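The values are calculated or read from the model by the stated rules, or taken from the named source; none is laboratory data. Fair warning: this is a prediction, and the values are worked out from it, not measured in the lab. All Cβ positions, glycine included, derive from the backbone under ideal geometry; neighbour counts span all protein chains shown. Remember, those area values only see protein heavy atoms, side chains included, never the ligands or the DNA or RNA. Shrake-Rupley method; radii C 1.70, N 1.55, O 1.52, S 1.80 Å.
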Amino acid sequence: MGLTELPGSLIAGLWRQPSARAALVTLGIITAMAIAGPPFLPDPAAQPDVVGQALLPPGAGHPFGTDQLSRDVLARVVGGARISLAVAGLAVLVSVTIGAGVGLVAGYLGGAVDAALMRLVEAALAIPRLFILLLLLAVWDHIPLAALILILGTTGWFGTSRLVRGEVLRLRHEAFVTGAEALGARRARVMFRHLLPNTTGPLLVAATLGVGDVILLEAGLSFLGLGIQPPRPSWGGMIFDAKAVLVTAPWTSIFPGLAILATVLAVNVLGDALSGAVDPRKS
Amino acid sequence: MSRVLEVENLRVTFPGADGRRVAAVDGVSFGLSRGETLALVGESGCGKSLTALSLLRLVPTPGRIEPESRIRLGDADVLGLEGAALRAIRGRRIGMIFQDPMTSLDPVFRVGDQIAEGILAHFPVSKREARERAITLLRDVGIPDPSARADAFPHQLSGGMRQRVMIAIALAAEPEILVADEPTTALDVTVQAQILEVLDGLRTARGMAVLLITHDLGIVAGRADRVAVMYAGQIVEEAPTAGLFARPSHPYTQGLFESIPRLTGPVERLRPIPGTVPSATAWPSGCRFRPRCPHAFEPCGREPPVHEVAPDQRMRCWLESEKGDLRSEK
Amino acid sequence: MSRWLLGRLLQAVVTLVLVAVLLFFLMRLAPGDPLSRLGADQQMSALEIERLRERYGLDQPILRQFFVWAGGVARGDLGVSIEYARPVTSLIAERLPATLLLGGIVLLVNFTLGLWLGSVQAVRHGTAADRWLTAVSLAGYAMPSFWLGLVLAALVAVHWRLLPAAGMHNPLLPPDAPVWRLALDVGAHLVLPVLTLVTVSIASVIRYQRRALLEVLPLPYIVAARAKGLPESLVLRRHAWRNALFPVLTLAGLWLPILATGSVFVEAVFAWPGLGSLAAGAVGSRDYPLLMGTALLVSALVVLGGLLTDVAYAVLDPRIRWA
């Protein structure tokens, strides 16, 4: 399937499946609120009345209630959505780019380059990603957002590289590749002009599922204080703050948690549906 | 001779692209008598394997056998059986040899165990007794050093030996009917003859009726008593073997014979049947062979009747069989 | 076969060495060195920091530092924890059993309940039960483990007071109480952490088993087994499961990273005295030797897990064992 026909027919195909449709709608709503919501909502960092308006249950004026610093929970959830989606999206972009690059090179060039790269990837995969992140992030006092995105991105490409390498190995003896080589195409050209477009399917799936993984990881890091730094709102940070009032003011922790759940679930359902659609073995 | 198997109006349908069901086997009827060998001949896609699977109710979902079908085994109605009664037929009254022995044997179990499994499912014997019987069966199918071979895994055996193991499995519960689905297709030519010999010997020794499914007319001669030719889900001609070979009446049958290359006689151009086999989703209306038939004429637009062209030889065609060869009609 | 085994072992060793290299340089990649924070945190004088630097060997060239560290690791010395002022190895040894207990039970539940549910889904492919199970297991996977832990703790432990919310033992229980009482006590403390970890991780097992079985069930040898007259349950158990085992075995090897990650949060939330909470705490105090030590241990276990899986595969698949 050509690169340009992919999006249209893909979305149409996905729309037909009820679960994928629900996922797309959910993500659409969350993204729309993240982009367009903040102007209509109070400032997520504002603490208007810590004495009088703290820990208000959901009601008029505060659909999701307020936290112990009288900050509006809905505003913070939406603000958190904005940050989490942006961080996840950018981080995954970095991961997919590096992963595709490494996978292409390893799979196509083969030999010692392949062996060395794959040994490294194997070792990197043996270390749970969270631990890598903990080691890298614990140095900072106050982690700059750009650094967070970059670190998340550079720690997430290992699996993708193996995936892409697998695809390249599968395709490298196909006629369209050997044909290009016979015509004297340079190796870079073969890789990027011929092989890469044919890996977009699995890459798309990996990227989608990767977004879900990053959202969960980032929430966890924020919970530990290593992710998105206050006063920026983050779902993980909100849950951390809510620990003290878990039972007395459940809305402070339920809503951010549900936000994560809904987003990651939608992303995973979508990724699932995508992987069914791009399966090369489909008859 | 008594009939051990009677199949009437067998219809097997699958869901088609637009939601309606498509009949891959469409009104097949035949019978099998004790000790007789019936060959079911046809190209791939004509529905012969599905017919065989139907006898054991093993049609894969989403396919299903339509209710107007009848399959009678002796006096048992196969389509009405459930549970234990159905399992009592599988293997015990009808044994099946599957097409590709590499994929039809479980790769993680020893072949002896796979044969013994078939025995233990139907006879209350001990494991050791079952193993003994399995070894005997391996010897019967002509495998040398059977007790050692019984401990082999499928991938350690050659194609011919695996097929012999499949035969042994089919015979394990001593069925009265053997269904052999393309038993030699996956094998080298030299091995094919050996396997057919084995089958022949066992059949006469045990007095079994055999349904031999194949696309190869060559293996039918001298081994089958009767032949049924299948095309596009239907039987188009049925006759005793000698009769069919002497006087193929249906244009499709004739086409099949003509496309067999001959080693002797004058060297002529091969005459394949023009066109391709239609898929079940697009059976032609009326006579299904019409688009490819050199004798097609006006009535062929309607469903052709089944009529006798000779004693015990029937075909599904509008043409009256002349006394003689239709081939002379060009 | 034994030659292959040897090769595989060698491969594992190489991977471990690479892991060590990666971990070491990973940490040094981050700007500043481990001690630079101490100046701000604990208000040490520049001289004291300099002395500490010397003591930890941080003033040496980096390659030298690596070999010193690697040599220590090979001897079983993982350094000294900055926060606890104790050898890292003794800390790990102290906390490992609790994590193994928790992880082991989670593994057990996942691979029994998960395999069963996956089979149910495969056999009932396409039915409502299949879709529901997919939805539920995916939802569990999408939950942040720490959030689920907190919600469960708040609900079950605090609000309904059914189970303990933290720790591994009831501090009021005397150590000389009968064994079964002690066991029951630990068991009660295990319920919520296990429930949390299982919920967020069982989806992978269910999906793997479902897919593996779905690939095996239409295969010719399954049809052939039915043709012998075997009851469906036997066909499923003996032929289908056995062949679907292999992909699931691969999953068992990948299991450790998932478990390790989940443990960090769940142990922290439930104050379970294991490696996970140790690591979580080390983050707050920037205790590098401790973090490194735990990361190294977990990675080693992952490599070991992968090795064991490959060996199991080779042993169980006759096509490999008797090639």
### Query
Between the DSSP loop rule and a limit of at most 13 other Cβ atoms within 10 Å, which trypsin sites (Lys or Arg not before Pro) in segment A:179-236 are left?
A:Arg186
### Message
Under 8 Å for C-alpha pairs, at least 6 residues apart: give me the relative contact order for chain C, rounded to a whole percent.
### Response
25
#### Entry: Solvent-accessible area per residue, Å², over segment A:210-282 with all protein chains present [probe radius 1.4 Å]
33
### Summary
Rounded to the nearest Å, the spacing of the alpha-carbon centers of segment B:1-35 and segment B:170-188 is 20
### Surface accessible to a 1.4 Å probe, per residue, for the residues of segment B:1-85, Å²
43
#### Entry: Selection of trypsin sites (Lys or Arg not before Pro), segment B:183-271, meeting DSSP coil and at most 15 other Cβ within 10 Å
B:Arg262, B:Arg269
### Positive minus negative residues near C:Asn170 (Lys, Arg vs Asp, Glu; Cβ under 13 Å)
0
### Task
Anything losing 20 Å² or more of accessible area from the isolated chain to the full protein assembly: pick those residues out of segment C:246-260, probe 1.4 Å, ligands and DNA/RNA ignored.
C:Pro257
### Query
Taking each residue of C:156-162 in turn, how many C-beta atoms of other protein chains fall within 10 Å of its C-beta, and what is the average?
1
### Message
Name the residue from C:Ala279, C:Leu297, C:Pro218 whose Cα lies farthest towards the positive end of the charge dipole of segment C:195-307, charges +1 on Cβ of Lys and Arg and -1 on Cβ of Asp and Glu.
### Response
C:Pro218
### Summary
Taking 0.36 nm per residue of separation between C:Val136 and C:Trp180 and subtracting their Cα-Cα distance, the length gained on full extension comes to 12.3 nm
### Message
For chain B, give me the percentage of DSSP beta bridges that are antiparallel, rounded to the nearest 5 percent.
### Response
60
#### Entry: Solvent-accessible area per residue, Å², over segment B:116-159 with all protein chains present [probe radius 1.4 Å]
50
### Task
Per residue of segment C:115-132, in order, report the coupling 6.51 cos²θ - 1.76 cosθ + 1.60 (Karplus, θ = phi - 60°) as ³J(HN,Hα) in whole Hz, putting x for Gly and Pro.
5, 5, 4, x, 5, 4, 4, 5, 5, 9, 3, x, 7, 4, 4, 4, 5, 4
### Message
If you roll a 1.4 angstrom probe over the protein chains with everything in place, what fraction of the accessible area of segment C:48-170 belongs to carbon and sulfur, to the nearest %?
### Response
66
### Query
So which residues of segment C:206-235 lose at least 10 Å² of accessible area, probe 1.4 Å, when you go from the chain by itself to every protein chain present?
C:Arg207, C:Glu215, C:Pro220, C:Tyr221, C:Val223, C:Ala224, C:Arg226, C:Ala227, C:Lys228, C:Gly229, C:Leu230, C:Pro231
### Query
If one computes the Cα centroid of segment A:104-134 and of segment B:285-317, what distance in Å separates the two points?
66
### Message
Accessible area of segment B:1-158 with a 1.4 Å probe: how many percent of it is carbon plus sulfur?
### Response
49
### Query
Quick one: which of B:10-21, B:75-86, C:140-151 comes out on top by average Cβ neighbours within 10 Å, and what's the full order, highest first?
C:140-151, B:10-21, B:75-86
### Task
Report the GluC sites (Glu not before Pro) located in segment A:78-175 that are in a DSSP loop and have at most 14 other Cβ atoms inside 10 Å of their Cβ, or state none.
A:Glu174
### Query
What residues qualify as long-range amide H neighbours of B:Val227, i.e. H under 5 Å apart, gap of 5 or more or another chain, H built at 1.01 Å from N?
B:Ala39, B:Ala239, B:Thr241
### Message
Among DSSP bridges having both ends in the protein assembly as shown, what percentage is antiparallel? Round to the nearest 5.
### Response
65
### Task
Would you rank B:Thr204, A:Thr154, B:Thr37 by solvent-accessible area, highest first, keeping every protein chain in place and using a 1.4 Å probe?
B:Thr204, A:Thr154, B:Thr37
### Relative contact order for chain B, counting Cα pairs under 8 Å that sit 6 or more residues apart, in percent
20
#### Entry: Whole-number percent relative contact order across segment A:66-159, with pairs defined as alpha carbons under 8 Å at least 6 apart
42
### Message
Excluding ligands, DNA and RNA, what is the accessible area buried between chains C and A, summed over both sides, using a 1.4 Å probe, to the nearest 100 Å²?
### Response
4000
### Task
Could you tell me whether chain A comes out rounded, prolate or oblate from its Cα gyration tensor? Rule is a ≥ b ≥ c as square roots of the eigenvalues, rounded for a/c under 1.5, then prolate if a/b exceeds b/c, otherwise oblate.
prolate
## Note on the structure
Summing +1 per Lys or Arg and -1 per Asp or Glu among the other residues with Cβ less than 13 Å from B:Glu303's Cβ gives +3
### Task
Kindly state, to the nearest 0.05, the FRET efficiency for C:Arg8 paired with C:Leu96, given R0 = 30 Å and r defined as their beta-carbon distance.
0.70
### Summary
Looking at segment B:83-115, residues buried by 20 Å² or more relative to their chain on its own, accessible surface at probe 1.4 Å, turn out to be B:Arg87, B:Arg90, B:Phe98, B:Thr103, B:Ser104, B:Asp106, B:Pro107, B:Val108, B:Phe109
### Message
Between segment C:229-261 and segment C:92-135, how far is it from one alpha carbon centroid to the other, in angstrom?
### Response
12
### Summary
In segment A:15-81 the accessible area split gives carbon plus sulfur, as whole percent at 1.4 Å, a share of 69
### Query
If you take the accessible area of B alone, add that of C alone, and subtract the area of the pair, what total do you get in Å², probe 1.4 Å, to the nearest 100?
2000
### Query
For B:Arg34, what is the net charge nearby, where nearby means another residue's Cβ is under 11 Å from its Cβ and Lys, Arg count +1, Asp, Glu -1?
-1
